[in-house]
1. Report, ordered by chain and residue number, the aspartates and glutamates lying within cross-link reach of residue 69, taken as a straight Cα distance under 16 Å and ignoring same-chain residues fewer than 8 apart.
2. So how many Å³ per residue does the convex hull of the Cα atoms of segment 15-155 work out to?
3. Under a 5 Å amide H to amide H cut-off, with H placed in plane at 1.01 Å, what residues pair with residue 54 once short-range neighbours are removed?
4. Which of 35, 121 has the fewest other C-beta atoms within 10 Å, and how do the rest follow up to the most?
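Derivation of every value follows stated rules applied to the coordinates shown; laboratory data play no part. The structure displayed is predicted, hence computed values, not measured ones. Note that each Cβ is placed from the backbone with ideal geometry, even for glycine, and that neighbours are counted across all protein chains shown.
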Amino acid sequence: MKIETRSTALTTKDRTKVGGYAAVFNSPTDIGGMWVETIEAGAFSDTLTRGDDVLALYSHELERLLGRKSSGTLRLAEDDHGLSVEIDLPDTSDGRDVATLIERGDLKGMSFGFIVTKETWDDTQTPPVRTIHAVDLREVTITADPAYTDTEIGLRSLSAMKDSKVRSANFNAAARRIQRKMELDLRTRRSA
């Protein structure tokens with residue numbers, strides 16, 4: 001007897017998307033009282049242009065994979081604010097848990113794993129100041145306790161659904177107005 005298999009690929013509309021910032025530029029952050037760290041705009045550009053694979057994780061744990069750049073389930077970009085992240089959450093226990101925790105407001109931040117390739121230190125201050133100019137980005141992570149408190153994460157699918165409903169309602173209202181105007185014009189022509 002031959003075994004048959006079936007697979008169904010999820011479409012983008014079936015996925016829960018989350019998005020936010022894994023790093024914010026020019027936002028001084030205290031690193032355990034040992035130094036203050038700032039990420040300079042453009043610090044991720046080399047990694048992003050080289051096309052390195054980057055993982056999306058939950059709480060920096062490799063076993064809790066949420067997406068990856070090479071599969072298209074993680075999208076990264078630099079903008080004026082920082083490192084922008086969008087993840088298609090998987091339909092797994094971690095993916096569903098993360099979506100629920102974000103929706104409830106329990107998970108609000110992000111972090112990232114990296115290797116610094118260019119930095120400067122200012123040791124004339126206490127604590128010293130480290131400015132990161134370039135990194136090799138390895139992973140972004142959704143976390144409850146980010147080192148950089150200005151990072152953020154939020155559900156994209158809910159706002160997109162609300163926007164879609166508003167656009168649909170506006171379109172339907174406009175269609176009704178056009179239909180009424182056409183009917184009124186037709187009546188006016190018939191009576192003239």
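1. 46, 52, 53, 78, 86, 88, 136, 139
2. Details: hull volume 13.8 nm³, N = 141.
In segment 15-155, the Cα hull volume divided by residue count equals 98 Å³.
3. For residue 54, the qualifying residues are 69, 70.
4. On the way: 35 17, 121 11.
Taking fewest neighbouring Cβ atoms as first place, the list is 121, 35.
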